[in-house]
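The values are calculated or read from the model by the stated rules, or taken from the named source; none is laboratory data. This one's a predicted model, so the numbers in the text were calculated from it and none came from an experiment. Because the Cβ atoms are built from the backbone with ideal geometry, glycine has one as well, and the counts that use them run over all protein chains shown. Calculation scope for accessible area: heavy atoms of the full protein, side chains included, ligands and nucleic acids excluded. Shrake-Rupley method; radii C 1.70, N 1.55, O 1.52, S 1.80 Å.
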Amino acid sequence: MGSSGLPPFGWARAFTLWQFAPVVTAVTVLFAGLYLWGVVRVWRRHPARPWPVPRTAAFFGGLLVVVLATESGVGTYDETLFWVHMIQHLMLIMIAPPLLVFGQPVTLLMHASRNPLHTWVKRTVRSWPAAWLTWPAFGVMAYAATIVGTHLTSFMNLVVAYPAVHDAEHVLYLVVGYLYFLPLIGREPIRWKVSYPLRLFLLFIAMPVDAFTGVVLNSYGTDPFKPLKPRTWGPSALEDVHLGGAVMWIGGAGIMFVLIMVTFFAWSRETRPSGGMGWLESARRATMAERLSEGIVPAAGQAGQAQEQGQAGQAQEQASRAGAGAGAGRAAGNRGNRGNRGRGGKAGMGGRSIDDDEHLAAYNAYLARLAAPGSPDTADQATADPDTADPDTAAQATADPDTADPATAAQATAARPGA
């Protein structure tokens, strides 16, 4: 692309001096038509929930950037001025791909299509080859290798000598940029859900790659590449390379800073509980739920139960000397037994009947604990809110008089209304 004998470059000519690229035009029109087909289909199927206009605008903005980079004055001068060539690279790898990612074309295709196309798209996106290509680490490595490999090696000489290699380079920039930005700023249904702190980090580490490339280009003392198309105006060949390095260094850092700020703003507006930290927050919540289900959190209640079991022997000894309490306990046990028979006579585990002797033993143990030294705390715990009591403990107290702990049985019986 580009031709010799061009007039001096100016920003006015960047928008007025165009060249026609049939392949770029055909592919751009094809993707635009398919996207519009999806938008119309979603609107017809879901009139109340049409495809968002900002996504459509972002996708068409990305296509427009591709056209500007290859067919406008930028594309016309890309083989004449190296620094314009670098502007074209930034447009194709750092501006067009994020806009295409924001457009969410894969999600649109899944909404607009039906089986078997819908199922095929979903399986393809979640397949292992797609998961490997969209792996964030792979995207970072591909981005760094592309920036360094196409600017600091002899690959630039192939671009100058063979137009087909130059066109393939444009496709490479678009594909690598899309794969790099997709898991970091996109919302497509891929396997990887990257947390926002990791997104910011992976975006930030690309800045040194651009800066390193720019610094190396600015450090050359002679033109390291084959001469571009001849011209009689503008900077010298070495100055042109230095300007290209400055474009990569300053321009790349500026564009990446904008993307980092956009990602940070999206993080600040995140409303999902686990959306901010991704898999880390999800793992923390899953661990907490597992611990709650295993009863690790209510350890304080279990410690109190162990303390009561330690006092059980003393309570049994004192229960035999509580004569007056025994008579009152028998009367209370009879009332509790009548109340139980009124409710069906079934309680505890397995639906077994509770007789008067069980109530009496439990109540005597309870009275003995009240008379024991340091009993107010135990009494408060025994008469606490029944809604916060451990159901397993209560069931154990009323299950089997031969295996139940006397102190635990006393606690459960004291909390019953009929006790």
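State all residues of segment 5-22 that are among the hydrophobic types (A, V, I, L, M, F, W, C), exposed (fewer than 14 other Cβ atoms within 10 Å of the Cβ) and not in a loop (DSSP other than H, G, I, E, B); if no residue qualifies, say none. Of everything in segment 5-22, those that are among the hydrophobic types (A, V, I, L, M, F, W, C), exposed (fewer than 14 other Cβ atoms within 10 Å of the Cβ) and not in a loop (DSSP other than H, G, I, E, B) turn out to be W11, A12, F15. For segment 174-191, the candidate set comprises residues that are in contact with a Leu (Cβ under 9 Å, 6 or more places away or on another chain) and either assigned to a loop (DSSP other than H, G, I, E, B) or of a type in the set (D, E) (or both); within that set, the residue that is nearest to Q88 (Cα to Cα) is E188.
Mind listing just one residue for me: the one in segment 209-221 that is among the small types (G, A, S) and out of contact with any Gly (no Cβ under 7 Å at 6 or more places or on another chain) and, of those, most open to solvent (accessible area, probe 1.4 Å)? Can you show your working first?
At the first step, the residues of segment 209-221 found to be among the small types (G, A, S) are 211, 214, 219, 221.
Remaining after also requiring out of contact with any Gly (no Cβ under 7 Å at 6 or more places or on another chain): 211, 219, 221.
Working: A211: 25, S219: 82, G221: 63 Å².
So the residue we want is S219.
Being buried (at least 19 other Cβ atoms within 10 Å of the Cβ), under 28 Å from V53 (Cβ atoms) and β-branched (V, I, T) is the requirement here; does V101 meet it? So V101 passes the test. If the condition is being polar (S, T, N, Q) and within 15 Å of the chain's Cα centre (by Cα), then segment 154-200 contributes only S195. Of the set (1) over 21 Å from A58 (Cβ atoms); (2) at pLDDT 90 or above, all apply to P183 but (1).
Pairs linking a residue in segment 185-206 that is within 16 Å of V262 (Cα to Cα) to a residue that is open to solvent by 20 Å² or more (accessible area, probe 1.4 Å) and outside any helix (DSSP H, G or I), with Cβ atoms under 6 Å and 6 or more positions apart or on different chains, are S195/M277. Residues of segment 155-181 that are open to solvent by 10 Å² or more (accessible area, probe 1.4 Å) and either in contact with a Phe, Trp or Tyr (Cβ under 7 Å, 6 or more places away or on another chain) or touching a residue at least 40 places away in the same chain (Cβ under 8 Å) (or both): N157, V160, A161, P163, D167, H170, L174, V176, Y178, L179.
The single condition among (1) touching a residue at least 12 places away in the same chain (Cβ under 8 Å); (2) among the hydrophobic types (A, V, I, L, M, F, W, C); (3) closer than 26 Å to M248 by Cβ that L64 does not satisfy is (1). When segment 227-241 is filtered for residues that are surrounded by 19 or more Cβ atoms within 10 Å (Cβ to Cβ) and assigned to a helix (DSSP H, G or I), the ones remaining, listed by number, are D240, V241.
Quick check on I93: is it assigned to a helix (DSSP H, G or I), under 22 Å from V247 (Cα atoms) and open to solvent by 20 Å² or more (accessible area, probe 1.4 Å)? It would help to see each step written out before you state the result.
Values: assigned to a helix (DSSP H, G or I): yes; under 22 Å from V247 (Cα atoms): yes; open to solvent by 20 Å² or more (accessible area, probe 1.4 Å): no.
The answer is no for I93.
If you go through segment 107-166 and keep only what is touching a Pro at 6+ places or on another chain (Cβ under 7 Å) and within 30 Å of H242 (Cα to Cα), you end up with just G139.
Looking only at segment 72-92, decide whether some residue is over 27 Å from A161 (Cα atoms) and in contact with a Gly (Cβ under 9 Å, 6 or more places away or on another chain). No, because not a single residue in segment 72-92 is over 27 Å from A161 (Cα atoms) and in contact with a Gly (Cβ under 9 Å, 6 or more places away or on another chain). Inside segment 115-143, residues that are open to solvent by 30 Å² or more (accessible area, probe 1.4 Å), part of a helix (DSSP H, G or I) and either under 15 Å from Y173 (Cβ atoms) or not β-branched (V, I, T) (or both) make up a count of 12. Would you mind stating whether P224 is in a loop (DSSP other than H, G, I, E, B) and surrounded by fewer than 19 Cβ atoms within 10 Å (Cβ to Cβ)? So P224 fits the description; yes.
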